[in-house]
Amino acid sequence: MPAARKRLTPEASRSAALDAARDLLVEAGPQAVTLKAVAARMGRTHANLLHHFGSAAGLQKALAETMAEQITAEIGAAVAKARAGDGQPRDIVDLTFEAFDKGGGALASWMILSGNDDALDPILTAIHRLMDRLGDGAHDAEMRRDTLNLVLVALGDALLGGPMAAALGLPRGAARDIATAQLGAALASRSGNQPG
């Protein structure tokens, strides 16, 4: 006789589904993040996930929201450390690049290409909220330009960085190095220091 499945609260079930979806995203790419695959990974039913997310698009949107909130919180903390003199621009660059490398870039691109553009709303909202939290009034426009540049470079690197660096005879981390130099120079120019 099979063991009875442990009954989960709605919050725990939703959280477990998002964890399973993220694992599938990292392991097999965004096309693997289906209700059926996530349900199988968790040992739950397809109907259970339909109840929580409504559709595969709903699951993907919730996954994007969860990932965006987590990474913007980490980046916000890294920015705060850098502003306090306890961190480096490379910390911010690495967090951003890793977010896109670990499925975020593929998920965002896949949602756009499959016509699920509104699933990007949670990502864009999380970034907007981060900018609002970090803003100091004096340098808001520059900070937003730096963020646009960093996000687009990290997304491009996640999708094409390896082959492009190889084709150009550059090391795999070249895009991170370039982004770090750009961010460091931008921050130094605003603080009146020369980049080091």
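Of the residues VAL38, VAL79, which is under 16 Å from TRP110 (Cβ atoms) and β-branched (Val, Ile, Thr)? Of the residues listed, the single one that is under 16 Å from TRP110 (Cβ atoms) and β-branched (Val, Ile, Thr) is VAL38. Tell me, yes or no, whether region 148-160 has at least one residue that is assigned by TED's automatic domain parsing to the domain that holds ALA99, in contact with a helix residue (DSSP H, G or I) (Cβ under 9 Å, 6 or more places away or on another chain), farther than 20 Å from PRO89 by Cα and free of Cβ contacts under 8 Å to residues at least 60 places away in the same chain. Within region 148-160, one or more residues are assigned by TED's automatic domain parsing to the domain that holds ALA99, in contact with a helix residue (DSSP H, G or I) (Cβ under 9 Å, 6 or more places away or on another chain), farther than 20 Å from PRO89 by Cα and free of Cβ contacts under 8 Å to residues at least 60 places away in the same chain. Please pick out the residue among LEU113, LEU107, LEU134 that is within 21 Å of ALA56 (Cβ to Cβ) and buried (at least 18 other Cβ atoms within 10 Å of the Cβ). From the options LEU113, LEU107, LEU134, the qualifying one is LEU107.
Report whether or not VAL33 is among the β-branched types (Val, Ile, Thr), touching a Leu at 6+ places or on another chain (Cβ under 8 Å) and over 23 Å from THR125 (Cα atoms). No: the conditions fail for VAL33.
When region 6-43 is filtered for residues that are surrounded by 14 or more Cβ atoms within 10 Å (Cβ to Cβ), among the small types (Gly, Ala, Ser) and at pLDDT below 90, the ones remaining, listed by number, are SER13, ALA32.
For every residue, the table says whether it meets (1) of a type in the set (A, V, I, L, M, F, W, C); (2) modelled with pLDDT under 90.
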residue: ASP101; (1), (2): no, yes
residue: SER109; (1), (2): no, yes
residue: LEU113; (1), (2): yes, yes
residue: ASN116; (1), (2): no, yes
residue: ALA174; (1), (2): yes, no
residue: ASP177; (1), (2): no, no
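When residues in region 161-187 are screened for being surrounded by fewer than 14 Cβ atoms within 10 Å (Cβ to Cβ) and closer than 12 Å to ASP94 by Cα, 1 of them pass.
The values are calculated or read from the model by the stated rules, or taken from the named source; none is laboratory data. Owing to the predicted nature of the structure, the values given are computational and were not obtained by experimental measurement. We place every Cβ from the backbone using ideal geometry, glycine too, and count neighbours over all the protein chains shown.
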